[in-house]
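Beneath this line is the structure, given in structure tokens, with notes to follow.
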Amino acid sequence: MNYETLKVERRGRVGIVTLIRTEALNALNNRLMDELTHAIDALEADEAIGCMVLTGSGRAFAAGADIKEMAFKTYPEAFGEDFLTRNWERVTRTRKPVIAAVNGLALGGGCELAMMCDFILASDKARFGQPEIKVGVMPGAGGTQRLARFIGKSKAMEMCLSGRMMDAEEAERCGLVSRIVPDSQLLDEAIRTAEVIAGHPQPMVMMTKEAVNRAYETTLSEGVRVERRLAQSVFAFADQREGAQAFIEKRPPKYKHR
Ligand code: HXC
């Protein structure tokens with residue numbers, strides 16, 4: 001596929017996807033979401049890739065769904081094409097980790113896309129918000145649900161109902177982002193973090209991600225049971241032997257990701 005709205009790079013075991021609809025603050029139109037789905041499919045299928053970074057360009061990570069494209073949409077069209085479900089959720093189904101490196105505005109669908117990733121590293125220039133209500137709509141790609149789980153009901157309700165933005169410091173304070181990084185270092189730090197993750201044994205990385213995600217989908221006892229079964233299964237992998245052996249021999253491990 002010839003990408004118009006994003007750039008895909010491979011650096012070692014890290015796949016980097018950069019949204020480049022810069023002139024429209026990376027507004028998420030149909031073309032961009034189709035391309036993102038395609039790019040993630042390709043990186044997920046690529047055995048040489050262990051972790052992905054999703055970032056924006058210019059002033060924005062993404063300023064939301066494309067309002068101009070949505071302006072005259074009808075309900076039968078939205079229903080018929082399965083708007084949002086059709087091409088917005090690919091990142092939530094990745095088995096490899098995806099880091100959102102939020103470089104600027106992450107609004108509406110942009111904030112929702114960042115929250116679909118596994119964790120968010122924020123530039124000190126990042127701004128987050130669910131301003132849909134200000135343009136006569138409401139969050140539709142998980143904003144009301146994921147934001148409430150990340151930051152709690154009171155703040156999520158305020159953000160969604162008022163449409164106000166929060167800065168990076170507030171976002172870190174309330175648990176929306178894992179860390180703030182100086183703007184000029186954001187992408188390098190995101191790639192460094194992705195390299196660390198991609199250097200760990202791939203099966204354990206994928207199973208750990210699966211286990212943490214269960215914490216948001218099930219009861220504590222069921223989640224712990226899932227974790228226990230996954231943890232017992234690590235003994236089926238050569239990398240478990242290698243990790244222990246390398247520790248005992250005081251040398252760096254050489255993982256085969258098997
Ligand atoms: C389409 C957008 C856009 C968007 C910005 N642009 N956001 N185009 N959809 N979501 C375009 C502008 O039209 C403009 O293009 C260019 O990007 C630069 O934006 P400006 O508005 O000139 O910049 P600025 O004055 O700095 O204001 C920045 C901003 C503002 C505060 C972020 O652009 C804004 O409010 N954008 C909309 C944010 C939003 O409401 N997002 C939620 C969308 S709904 P031109 O061609 O004029 O230069 C959504 C979910 C819907 O995400 C769910 C389904 C119902």
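Just so you know, all these numbers are worked out from the coordinates, no wet-lab data involved. All figures in this text were calculated on a predicted structure; none of them were measured in a lab. Here the Cβ is made from the backbone with ideal geometry for all residues, glycine too, and neighbour counts use every protein chain on show.
Find the relative contact order for the range 166-258 and round it to a whole percent, using C-alpha pairs within less than 8 Å whose residues are 6+ positions apart.
Numbers: 48 pairs, mean separation 20.8, N = 93.
Reported as a whole number, the value is 22 percent.
Please give, to one decimal in nm, the separation of the simple spin-label points placed at D46 and E9, each 7 Å out from Cα toward the Cβ.
Each label point is offset 7 Å from its Cα along the Cβ direction, giving 1.2 nm.
What's the exposure ranking of C174, C111, going from fewest to most Cβ atoms within 10 Å? Don't skip to the end; give the middle numbers.
On the way: C174 18, C111 35.
Listing C174, C111 from fewest to most nearby Cβ atoms yields C174, C111.
Based on other C-beta atoms within 10 Å, arrange H38, H257 from fewest to most. Provide the component values of the computation, followed by the final result.
Numbers: H38 16, H257 19.
Starting with the residue having the fewest Cβ neighbours, the order is H38, H257.
Can you tell me which of A63, A231, A141 moves the most in a GNM of the chain? Springs connect C-alpha atoms under 10 Å apart.
A231
Angle, helix 30-45 long axis vs. longest principal axis of the chain, Cα atoms, 0 to 90°, nearest 10?
Once rounded, the angle reads 0 degrees.
Name the most mobile residue of Q130, Q232, Q240, meaning the one with the largest mean-square fluctuation, in a Gaussian network model of the chain with Cα contacts below 10 Å.
Q232
Rounded to the nearest 5, what is the percent of antiparallel bridges among the DSSP beta bridges in the chain?
Numbers: 10 of 32 bridges.
The answer is about 30 percent antiparallel.
Which pairs, out of K7/K256; K209/K256; K125/K209, put more than 22 Å between their alpha-carbon atoms?
Beyond 22 Å between Cα atoms: K7/K256; K125/K209.
Decide, for the range 84-218, between rounded, prolate and oblate: order the square roots of the alpha carbon gyration tensor eigenvalues as a ≥ b ≥ c, take rounded if a/c falls under 1.5, and otherwise choose prolate if a/b is larger than b/c, else oblate. If you can, show how the numbers build up before the last one.
Working: a/c = 1.90, a/b = 1.34, b/c = 1.42.
Cα axes put the range 84-218 in the oblate bin.
Can you compute the modelled spin-label distance between A215 and D167, with each label point 7 Å from Cα toward Cβ, in nm?
2.9 nm
For the chain, just say rounded, prolate or oblate: build the C-alpha gyration tensor, square-root its eigenvalues into a ≥ b ≥ c, call rounded for a/c under 1.5, and beyond that prolate if a/b exceeds b/c, oblate if not. Don't jump to the answer; show the numbers that get you there.
Numbers: a/c = 1.76, a/b = 1.61, b/c = 1.09.
Taking the square roots of the gyration eigenvalues as a ≥ b ≥ c, the chain is prolate.
Can you list the lysines whose alpha carbon sits under 21 Å from that of K254, skipping same-chain ones fewer than 8 residues off?
K96
Which net charge results when you count Lys and Arg as +1 and Asp and Glu as -1 among the other residues whose beta-carbon is under 11 Å from that of L187?
Net local charge, L187 excluded: -2.
To the nearest 0.05, how large is the calculated FRET efficiency for E242 and I133 if R₀ is 45 Å and r is the Cβ-Cβ distance?
Values: r = 52 Å, r/R0 = 1.16.
Between E242 and I133 the formula returns 0.30.
Can you give me the long-range amide H partners of V14? Hydrogens built in the peptide plane at 1.01 Å from N, cutoff under 5 Å, separation of 5 or more residues or another chain.
Here G50 satisfy the definition.
Calculate one ³J(HN,Hα) per residue across the range 54-59 by plugging θ = phi - 60° into the Karplus curve 6.51 cos²θ - 1.76 cosθ + 1.60, and present them in order as whole Hz with x for glycine and proline.
10, 9, x, 8, x, 7
Describe numerically, in nm with one decimal, the distance between label points set 7 Å from Cα along Cα→Cβ at A78 and at R31.
2.4 nm
Give me the number: length gained by fully extending R93 to S178, i.e. 0.36 nm times residue separation minus the C-alpha to C-alpha distance, one decimal in nm.
On the way: separation 85, 0.36 × 85 = 30.60 nm, distance 2.07 nm.
Taking R93 through S178 to full extension adds about 28.5 nm, to one decimal.
Roughly what angle does helix 202-214 make with the longest principal axis of the chain, taking Cα atoms, 0 to 90 degrees, to the nearest 10?
50 degrees
For a quick protection proxy, order the peptides 42-54, 79-91 by their average other-Cβ count within 10 Å, most packed first. Please report the intermediate quantities before stating the final value.
On the way: 42-54: 18.9, 79-91: 15.0.
Top of the packing list down: 42-54, 79-91.
I want the antiparallel fraction of DSSP beta bridges within the range 40-168, as a percent rounded to 5. Before the final figure, lay out each step's value.
Details: 4 of 17 bridges.
DSSP beta bridges in the range 40-168 are roughly 25 percent antiparallel.
Quick check: the angle from helix 220-233's long axis to the longest principal axis of the chain, C-alpha only, nearest 10 degrees?
Tilt of helix 220-233: around 40 degrees.
Calculate, for Q185 and K256, the FRET efficiency according to 1/(1 + (r/R0)^6) with r their C-beta to C-beta distance and R0 45 Å; round to the nearest 0.05.
On the way: r = 32 Å, r/R0 = 0.72.
After rounding to 0.05, the efficiency reads 0.90.
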